[in-house]
Amino acid sequence: MNKEERLKRRSKIRNFSIIAHIDHGKSTLADRILEQTSALTQREMKDQMLDAMDLERERGITIKLNAVQLTYKAKDGEEYIFHLIDTPGHVDFTYEVSRSLAACEGALLIVDAAQGIEAQTLANVYLALDNDLEILPVVNKIDLPSAEPERVKQEVEDIIGLDTSDAVLASAKNGIGIEEILEQVVEKVPAPSGDPEGPLKALIFDSLYDPYRGVIVYIRIIEGTIKPGEKIRMMATGKEFEVIEAGVFTPKPVKRDELTVGDVGFLTASIKNVGDSRVGDTITSVNNPASEALAGYRKMNPMVFCGLYPVDTNDYNDLRDALEKLELNDASLQYEPETSQALGFGFRCGFLGLLHMEIIQERIEREFNIDLITTAPSVIYRVTLTNGEEERIDNPSKMPDAQQIEFVEEPYVKASVMVPNDYVGAVMEICQKKRGNYLDMKYLDANRVTITYEIPLSEIVYDFFDQLKSSTKGYASFDYELIGYKQSKLVKMDILLNAEKVDALSVIVHRDFAYDRGKVIVDKLKELIPRQQFEVPVQASIGQKIIARSTIKAIRKNVLAKCYGGDISRKRKLLEKQKEGKKRMKSVGNVEVPQEAFMAVLRMDESK
Amino acid sequence: MALPKAVYVHIPFCEQICHYCDFNKVYLKGQPIEEYVKACEKEMKEAVSQFPYDHIETVYIGGGTPSSLSSQQLEPLLDSINQVFSLQKPREYTFEINPGNISDEKLSLLKSAGVNRLSIGAQAFQEDLLKKIGRAHDEKDIYRTIESARRMGFENISIDLMFGLPGQSVANFIESIEKSLELEIPHFSAYSLKVEEKTVFHQLQRKGKLPLPPEDDEVAMYDVLINMLTEQNYHHYEISNFSKNGYESLHNLTYWNNEEYYGIGAGAHGYVSGQRYANVGPIKKYINNVHSQGRPLLESHVVSTAEKMEEEMFLGLRKLEGVSISQFQNRFNKDPFEIFGNNIKRLKSEGLLKVEDDRISLTKNGLFVANEVFEKFLL
């Protein structure tokens, strides 16, 4: 293509993504759009094409981003090239979302006509506003009997401040309003800008490891043109590669001779490690390099750590293999071997956040068929000893004795909570309770407020998000960034089952909160650990001092009375089921402890 | 392995479906009962021709509600059982009846067919409780039925009781035990309610509308049951069964002794020639399959040696006398301690199991948590 052709093509490109809360119909709408733009034939059409992995489909969240090129013949008679970029939807992946939004010029905001706006949506709308995207509101599910499109439109105006006079009323399920949405994309979403002959700047918004082709890098071309054979450089890591393939997804990957301004597609370049193609990094050309990278790159470091242990100790090697495989695809996953007295051999793993942790855990269980025990998440503490040495502790059970400790520092984050102003009081109350230091509050408009606090990361990891959601009816959204370490009055709290210390249950807590949290933990464990054949005391201690206690009563009756007319196989099945249930438990001392119990120190409702 | 000496025949018809029952059963009206009885006969013949017997010692006709069949329907069934299994005064021939729906005519028919034991589903003696669990009879029906059974010459009578029922108190249950004892019958079975899927109770439980007694009450009920019956010289010979000496259920001991038996009828289970099998459940399917295939199997499974050893333990331990070590050795050429040693040791130390002379058995504490013990005998 010559420059003129490239510019003409540029004017026909529309890049957009879909912002929606789980269940508000994003995948269904994406399917309808794929159908109406003849991206694929009916036969190729797998329901909810964009959510590729089973896990995503089941949890209703999209983990890996996807980008599809579509052609749309608009009412003006012209043919347009659409790139539909899918985004994950959770705060752990805020950064990924922001980078995929940065690859777009517009976004469809899907709001459920019956349920209205939810926090997740709000967070992503703000990210879209940050990226200066044209936002097209769509009120979906208008066919529901409980639909209240006018109320929902008003809500969008009140809460976000968007003009909804042109909002499309749609039902993705029934194909209502789809064409109108596509026409609005043509009319309202700006075509890309950027010089197709300038020095190459391509934004990496995702990458995927393929065992045959190496890393597949998902890119949006902001400036310049990229072709197979060209030498490229990753501007943040400095790594250089030669482009082997470039292409687009339709949604099948299709090779192209070049990708140019506005294009969204992929490249491969024999990249062995996803860590070499980091999300947010800028790809430039070695021969004609850009003078500066695109703004917004951030190296993602794990912030949350936990122990992963196989329930069956024989699965240790399989677990290591699983982690190795997952790491190929996930630059932010870290792990190293560790051992626990209670749980045996396992790994200490680092994650971006809690959801990331849960996803990895679930993928290991599902895709690799390994039953796991996950310990409560921890952050990295900096401990200065009386002898002046400094230790970094990412596992509470490794905390040195109190006598050896001079002081302990913990990571703090700057947490920005965006919320409609009715909930300011509720948010501040939670932040105070979570040991937050108030920084400031800004009114974004008449309704929207951003409240900023410094909060220990460990409190965020604990249950901050759950509490925030429940006390703001889901309207609050938040983002956080690490700001450094601060000294805190922290102590290690141990948990004893049947008078035996269980290292995997140790947690680090603030001294002033230790009694309350100890009580909550022992009560929760009492609830989660099934009755055993003997009475089991559950205790929380700091040093030698017991600070909370509860008792799991002994099981009193478990007997299959009936004869079942000689149906022995049924008896057998019942016993096998019972045994299977225990297999998923870990025997600690003499006590059978279910997997969930190790997370119990995290998941709890303190208000109870 | 010895040839089967026991026959179970399943009659899956009921005039009323109890709220707790998840056995294979259907509402009686409009069912092809005559065809069903014919199919049973055909199945018996087929089973016997594939797996012969030498001598049948016990027969058990259970359900469902076998007594819901009319005399005309029962007669050919009883005849064919007699004929196919060449019954000559079997040691025990049990027929299950519900209080209330048994006439003298039916009883005399049973008597002449060789039935010598009646198992009566009394369950409880409180009208409101009986109603709540979906039983059709009342307290008087229980007395009336036992009275006519005795008059017709049946003295080996067993009644079933249930505990842990919704709304049942410990005092209620004691009253049922007292009333049962007054009947001076030689055998009792007492089952604690287990809420099974696909029952009315399960539905209620899901909706939070099944007020089951607390676990401690259930424990108290079982405890009081054992104490009251043993005090009256009933032999507690199996977890849920009590009898005067010599009146232990020989047929049910077949199961607990891990011996073979024919299972005949829709949804019936059997164990012949080292294979455990289950028949198809739906009545029409059962009848069709008997005619097209001879044996209406849903599934069958050759029991491995390991499974046999497991079953020897978890079935045998249901008996208070427990498992015979020497019999285990004879059957498997192995010592039970060689296979299950660690768990036996652990259960012993937990006070749930005892080893005395040739016997491994549950302790009194073990009875209450028998499933926890049995589970340890799955390899």
B:E310 meets each of (1) more than 25 Å from B:T230 (Cα to Cα); (2) within 14 Å of chain A (Cβ to nearest Cβ); (3) surrounded by 14 or more Cβ atoms within 10 Å (Cβ to Cβ); (4) more than 23 Å from the chain's Cα centre (by Cα) with one exception, condition (4)
Only one of A:I370, A:I451 is at pLDDT 90 or above, outside the structural domain of A:Y480 (by TED's automatic domain parsing) and touching a strand residue (DSSP E or B) at 6+ places or on another chain (Cβ under 8 Å). Can you tell me which?
A:I370
Criterion (small (G, A, S), free of Cβ contacts under 8 Å to residues at least 60 places away in the same chain and buried (at least 18 other Cβ atoms within 10 Å of the Cβ)) met by exactly one of A:A514, A:A504, A:A415
A:A514
Hits in the range B:75-93 (condition: touching a helix residue (DSSP H, G or I) at 6+ places or on another chain (Cβ under 6 Å) and buried (at least 18 other Cβ atoms within 10 Å of the Cβ))
B:L77, B:L78, B:S80, B:V84, B:E92
I need a count of the residues in the range A:236-274 that are within 25 Å of the chain's Cα centre (by Cα) and hydrophobic (A, V, I, L, M, F, W, C).
7
Residue hits (the range A:532-554; surrounded by 17 or more Cβ atoms within 10 Å (Cβ to Cβ) and under 40 Å from the mean Cα position of the chain (by Cα)) are A:Q532, A:V536, A:V538, A:Q539, A:A540, A:S541, A:I542, A:I547, A:A548, A:S550, A:I552
Given (1) within 27 Å of A:K501 (Cα to Cα); (2) in contact (Cβ under 8 Å) with a residue 60 or more places away in the chain; (3) among the hydrophobic types (A, V, I, L, M, F, W, C), identify the lone condition not met by A:F345.
(2)
Being within 11 Å of chain A (Cβ to nearest Cβ) and under 26 Å from B:V26 (Cα atoms) narrows B:H291, B:H301, B:H251 down to just B:H251
Suppose we keep only residues that are of a type in the set (G, A, S) and at pLDDT 90 or above within the range A:62-95. Which one would you say is surrounded by the fewest Cβ atoms within 10 Å (Cβ to Cβ)?
A:G77
Take the range A:106-128 and flag every residue that is modelled with pLDDT of 85 or more and part of a helix (DSSP H, G or I).
A:V125, A:A128
Here are the criteria: (1) within 14 Å of chain A (Cβ to nearest Cβ); (2) at pLDDT below 95; (3) out of contact with any Lys or Arg (no Cβ under 9 Å at 6 or more places or on another chain). Tell me which single one B:V224 does not satisfy.
(2)
Could you give me the residue pairs with C-beta distances under 8 Å whose first residue belongs to the range B:5-17 and is more than 10 Å from every other protein chain (Cβ to nearest Cβ), whose second residue is of a type in the set (K, R) wherever it lies, and which are 6+ apart or on separate chains?
B:P12/B:K25; B:F13/B:K25; B:C14/B:K25; B:Q16/B:R135; B:I17/B:K25
Being part of a helix (DSSP H, G or I), within 10 Å of another protein chain (Cβ to nearest Cβ) and over 15 Å from A:E576 (Cβ atoms) is the filter here; which residues of the range B:361-372 pass it?
B:N365, B:G366, B:L367, B:F368, B:A370
Test set (1) within 14 Å of another protein chain (Cβ to nearest Cβ); (2) among the polar types (S, T, N, Q); (3) more than 25 Å from A:F534 (Cβ to Cβ) - B:N343 fails condition number:
(3)
Return the residues of the range A:135-159 that are of a type in the set (A, V, I, L, M, F, W, C) and in a helix (DSSP H, G or I); say none if nothing qualifies.
A:V152, A:V156, A:I159
Exactly one of B:G167, B:G134 is in contact with a His (Cβ under 9 Å, 6 or more places away or on another chain), modelled with pLDDT under 95 and small (G, A, S), and that residue is B:G134
For A:Q115, only one of the following conditions fails: (1) farther than 23 Å from A:V261 by Cβ; (2) surrounded by 21 or more Cβ atoms within 10 Å (Cβ to Cβ). What is its number?
(2)
Checking the structure you have, find out if any residue of the range B:313-320 is assigned to a helix (DSSP H, G or I), closer than 17 Å to B:Y60 by Cβ and aliphatic (A, V, I, L, M).
yes
Considering only residues that are within 16 Å of A:R320 (Cα to Cα) and not hydrophobic (A, V, I, L, M, F, W, C), look in the range A:341-354 and name the one that is surrounded by the fewest Cβ atoms within 10 Å (Cβ to Cβ).
A:G344
Which numbered condition trips up B:P296, out of (1) within 14 Å of chain A (Cβ to nearest Cβ); (2) touching an Asp or Glu at 6+ places or on another chain (Cβ under 7 Å); (3) not aliphatic (A, V, I, L, M)?
(1)
Here are some conditions: (1) of a type outside the set (D, E, K, R); (2) surrounded by 14 or more Cβ atoms within 10 Å (Cβ to Cβ); (3) away from chain A (no Cβ under 14 Å). B:S326 meets all but one. Which one does it not meet?
(2)
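Looking at B:Y36, B:Y8, which one is at pLDDT 95 or above and in a helix (DSSP H, G or I)?
Result of the check over B:Y36, B:Y8: B:Y36.
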In the range A:259-315, which strands (runs of 3 or more DSSP E) lie fully inside it and hold 1 or more residues that are under 14 Å from A:R220 (Cα atoms)?
A:264-268, A:282-285
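For the range B:258-276, how many residues meet the condition of being more than 9 Å from chain A (Cβ to nearest Cβ) and touching a strand residue (DSSP E or B) at 6+ places or on another chain (Cβ under 8 Å)?
Initial filter on the range B:258-276 (more than 9 Å from chain A (Cβ to nearest Cβ)): B:259-260, B:262, B:264-266, B:272-275.
This time we only want the ones that are touching a strand residue (DSSP E or B) at 6+ places or on another chain (Cβ under 8 Å), so: B:259-260, B:262, B:264-266, B:272, B:274-275.
Total meeting the criteria: 9.
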Of everything in the range A:180-230, what is within 30 Å of A:E327 (Cα to Cα) and part of a loop (DSSP other than H, G, I, E, B)? Give them in sequence order.
A:L200, A:P211, A:Y212, A:R213, A:K227, A:P228, A:G229, A:E230
Out of all the residues in the range B:185-206, which are under 30 Å from B:R151 (Cα atoms) and not in a loop (DSSP other than H, G, I, E, B)?
B:H187, B:F188, B:S189, B:A190, B:Y191
Restricting the search to the range A:521-544, which residues are acidic (D, E) and within 14 Å of chain B (Cβ to nearest Cβ)?
A:E535
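The values are calculated or read from the model by the stated rules, or taken from the named source; none is laboratory data. All values derive from a computational prediction rather than experimental measurement. Note that we place each Cβ from the backbone using ideal geometry, even for glycine, and neighbour counts take in every protein chain shown.
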